[in-house]
1. Within segment 85-120, how many residues turn out to be part of a strand (DSSP E or B) and either of a type in the set (Ser, Thr, Tyr) or under 17 Å from Val148 (Cβ atoms) (or both)?
2. Across segment 203-218, which residue is surrounded by the most Cβ atoms within 10 Å (Cβ to Cβ) among those that are closer than 15 Å to Arg266 by Cα and not aliphatic (A, V, I, L, M)?
3. Restrict the check to segment 227-239 and report whether at least one residue is at pLDDT below 95, surrounded by 20 or more Cβ atoms within 10 Å (Cβ to Cβ) and touching a strand residue (DSSP E or B) at 6+ places or on another chain (Cβ under 9 Å).
4. With the structure loaded, tell me whether Arg172 is more than 10 Å from the ligand (Cβ to nearest atom) and touching a strand residue (DSSP E or B) at 6+ places or on another chain (Cβ under 6 Å) or whether it fails that test.
5. How many residues are within 6 Å of the ligand (Cβ to nearest atom), among the aliphatic types (A, V, I, L, M) and over 18 Å from Ser83 (Cα atoms) if we restrict to segment 121-153?
6. Mind checking which residues of segment 9-20 are without any contact (Cβ under 8 Å) to a residue 24 or more places away in the chain and part of a loop (DSSP other than H, G, I, E, B)?
7. What's the total number of residues in segment 40-84 that are over 28 Å from Arg217 (Cβ atoms) and charged (D, E, K, R)?
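The values are calculated or read from the model by the stated rules, or taken from the named source; none is laboratory data. For clarity, every value in this text was computed on a predicted model and none was experimentally measured. Virtual Cβ from ideal backbone geometry, glycine too; neighbours counted across all protein chains shown. Side chains included, ligands, DNA and RNA excluded: accessible areas come from the protein's heavy atoms. Shrake-Rupley method; radii C 1.70, N 1.55, O 1.52, S 1.80 Å.
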Amino acid sequence: MKAALSELPAVRGKYVENADLSALTWFRVGGPADVLFMPADEDDLAHFLKNTPATVPVMTMGVGSNLLVRDGGVRGVMIRLGSPFRKIDASGTTVSAGAAAIDAQVAKAAAEAGIAGLEFFRGVPGTIGGALAMNAGAYGGETKDVLVEAVGFTRNGERRVFSNEEMGFSYRHCDSADGVIFTRATFAGTRGDPEEITARMRDISEKREATQPIRERTGGSTFANPDPALSGGRKSWQLIDEIGARGRVVGDAQVSERHCNFMINRGKATAADLETLIESLRKDVLTKLGVELRWEIRRVGEPVRD
Ligand SMILES: Cc1cc2nc3c(=O)[nH]c(=O)nc-3n(C[C@H](O)[C@H](O)[C@H](O)COP(=O)(O)OP(=O)(O)OC[C@H]3O[C@@H](n4cnc5c(N)ncnc54)[C@H](O)[C@@H]3O)c2cc1C
């Protein structure tokens, strides 16, 4: 059932009805959210959560770099944290960042303050909220290696502080993320030389540029890499390559020629094209190679608009 503004509490932040989510995701596909909510601050978010009927579904997004919004859009409220949640402070060996801060900006602030260990964030084009929910990582580092604690709000508006252990991190997964809206996080690194840290970040940046289709409409790694014991040590892209699916096309959705664990919207793809393409890869890898691939991209919303 569609959520209506009349069911929602008065807030200091902003509501947008029938909000186009395709413009807010990297894939540039998908239907609208009934309501998009951008809270003014943590108190506003808590007030919204406490006073929104439990029957209204609530979801969160960052910058949509790992998100496939289906063509029918999202029923209920999509929360998107904006500029009040983008603050970054780096001093000593600690970096604290709002959940809407862009990972690369956090890496940059850490480097400038001479804090080593957060360089990997340079390779992840999402927000800190997305990094917490996905245990994002790149080039040997991941969120769980540097997180001290995260602050989040439950669906009923309760503020909680999660220690690293309480996050329940595993590969590209966080047990605590279900239904929690993270608003900020504190990370710890070690003292380092700003120039050396910056050089390592430049290296990460160049490697990404050379291997990933980062200027395309994509959603990042489609499948998490399988357990090496089950895949004979092969990564997802290698399995997709082995079944001959590099460049495979459904409608305007395509398996990237550059990196076959990345899907691309060539311009007019629908979410259904992308989902059909990805499911065809999952099926063929299972049938031909006996390996089950797990979606890393998060799918949200309804296939068709009601
Ligand atoms: C070109 C490209 C390269 C990429 N390379 C990498 C890589 O090397 N390593 C890697 O790990 N990822 C990579 N990704 C995937 C993606 O950038 C990460 O998963 C990132 O952490 C997602 O952040 P986001 O802000 O875009 O989240 P979204 O895609 O908007 O959302 C992803 C998930 O996080 C949840 N979420 C977002 N914000 C919050 C919040 N505040 N509170 C609770 N839940 C939240 C959403 O509900 C959703 O389930 C890549 C993506 C692209 C497009």
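1. So in segment 85-120, the residues part of a strand (DSSP E or B) come out as 88-91, 94-98, 102, 115-116.
In the following step, the residues that additionally are either of a type in the set (Ser, Thr, Tyr) or under 17 Å from Val148 (Cβ atoms) (or both) were identified as 88-91, 94-98, 115-116.
The qualifying residues number 11.
2. Step one: list which residues in segment 203-218 are closer than 15 Å to Arg266 by Cα, which gives 213-218.
Those left that are additionally not aliphatic (A, V, I, L, M): 213, 215-218.
Details: Pro213: 16, Arg215: 7, Glu216: 17, Arg217: 20, Thr218: 24.
The extreme case among them is Thr218.
3. No, every residue in segment 227-239 fails to be at pLDDT below 95, surrounded by 20 or more Cβ atoms within 10 Å (Cβ to Cβ) and touching a strand residue (DSSP E or B) at 6+ places or on another chain (Cβ under 9 Å).
4. Details: more than 10 Å from the ligand (Cβ to nearest atom): no; touching a strand residue (DSSP E or B) at 6+ places or on another chain (Cβ under 6 Å): yes.
Judged against the criteria, Arg172 is not a match.
5. Filtering segment 121-153 down to residues within 6 Å of the ligand (Cβ to nearest atom) leaves 123-127, 129-131, 133-134, 136-138.
Filter once more, keeping what is among the aliphatic types (A, V, I, L, M): 124, 131, 133-134, 136, 138.
Narrowing the set further to residues that are over 18 Å from Ser83 (Cα atoms) leaves 124, 133-134, 136, 138.
Summing the residues that are within 6 Å of the ligand (Cβ to nearest atom), among the aliphatic types (A, V, I, L, M) and over 18 Å from Ser83 (Cα atoms) in segment 121-153 gives 5.
6. Taking segment 9-20 as the starting set, the residues that turn out to be without any contact (Cβ under 8 Å) to a residue 24 or more places away in the chain are 10, 15-18, 20.
The answer is Ala10, and nothing else.
7. Taking segment 40-84 and keeping what is over 28 Å from Arg217 (Cβ atoms), we get 40-56, 84.
Checking which are charged (D, E, K, R) leaves us with 41-44, 50.
Matching residues across segment 40-84 total 5.
Residue-by-condition table, conditions (1) in contact with a strand residue (DSSP E or B) (Cβ under 7 Å, 6 or more places away or on another chain); (2) of a type outside the set (D, E, K, R); (3) over 23 Å from Met263 (Cβ atoms):
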position	(1), (2), (3)
Val58	yes, yes, yes
Gly64	no, yes, no
Arg70	yes, no, no
Val74	yes, yes, no
Ile79	yes, yes, yes
Ile88	yes, yes, yes
Thr93	yes, yes, yes
Ala100	yes, yes, yes
